[in-house]
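The values are calculated or read from the model by the stated rules, or taken from the named source; none is laboratory data. Given the structure is predicted, the values throughout are model-derived calculations rather than measurements. Backbone-built Cβ (ideal geometry, glycine too); neighbour counts: all protein chains shown.
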Amino acid sequence: MDTLHSVTLAMGAAWASGINLYAAVFMLGYMGATGHIDLPPELQVLTDPLVLVAAGFMYCVEFFADKTPGLDTGWDAIHSFIRIPAGAALAAGAVADVGPAAEIAAVLIGAGLAASTHATKAGSRVLINTSPEPFTNWTASIAEDLTVIGGLWVALNYPWVFLAGLVVFILLVAWLLPKLWRGIKAVASRIARFFGGGKRAPPETPALEKRSVSREDEGSSSVPRDS
């Protein structure tokens, strides 16, 4: 595998890991085991049947968890600690034979790519979950799975096309993430108000008004009453 394909594989694996890690691992391992691609030595372990079974099983679990409103957000929260380091590890393994410097660079860039795709997915799911029907979750989840498979296929077969698309994706994420963050804060604010976090304390009477009222009371109490 030449340097261009190694770099493209590293970026593609990291990018896909942030969306669906198990689908990415299973696809790379299956294509390597069937001879459709030549994986670098550091990633040959993905072709091991044990790894394929584990990735396939976890993909089936995620397939259902990712399509359940509310559960998908919890699943994404847990996988914040899994997808990003796994994407960095896959990127490093893809360029390990290029050199130590390339491996370290791949870890840094791979972690950033995986974090970007993961944040985009998780943030969009929070907003999608504000819709009461489950069809948007199903549509988003299936679209994400197809995006992972199609994106990796393009990365392995048309590296320049994938790299160009990756640049467009990074620009899109830079534009989209602030909007997602504002939407998430708005959702959190509505939830806080719903559970009583937005209740306001009754306004206090200004000190000047309190003083004038107390003087009036004193004056009225000093007036003698007729017997």
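Just a few scattered comments:
Listed here are the residues, each with its yes/no results for (1) at pLDDT below 95; (2) within 30 Å of Ser131 (Cα to Cα).
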{"residue": "Val25", "(1), (2)": "no, no"}
{"residue": "Gly35", "(1), (2)": "yes, no"}
{"residue": "Leu39", "(1), (2)": "yes, no"}
{"residue": "Phe57", "(1), (2)": "no, yes"}
{"residue": "Phe63", "(1), (2)": "yes, yes"}
{"residue": "Asp66", "(1), (2)": "yes, yes"}
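- Candidate set: region 79-123, residues that are free of Cβ contacts under 8 Å to residues at least 60 places away in the same chain, among the hydrophobic types (A, V, I, L, M, F, W, C) and surrounded by fewer than 17 Cβ atoms within 10 Å (Cβ to Cβ); chosen: the one farthest from Ile37 (Cα to Cα): Phe81
- Tally, over region 162-179, of residues that are touching a residue at least 12 places away in the same chain (Cβ under 8 Å) and either more than 17 Å from Thr147 (Cβ to Cβ) or hydroxyl-bearing (Ser, Thr, Tyr) (or both): 1
- Options Thr73, Thr147, Thr68; residue that is surrounded by fewer than 19 Cβ atoms within 10 Å (Cβ to Cβ) and touching a helix residue (DSSP H, G or I) at 6+ places or on another chain (Cβ under 6 Å): Thr73
- Checked against the criterion of being within 12 Å of Ala91 (Cα to Cα) and in a helix (DSSP H, G or I), the candidates Leu21, Leu43, Leu52, Leu28 yield just one match: Leu43.
- Any hit, region 30-49, residues being β-branched (Val, Ile, Thr), over 13 Å from Asp97 (Cα atoms) and buried (at least 24 other Cβ atoms within 10 Å of the Cβ): no
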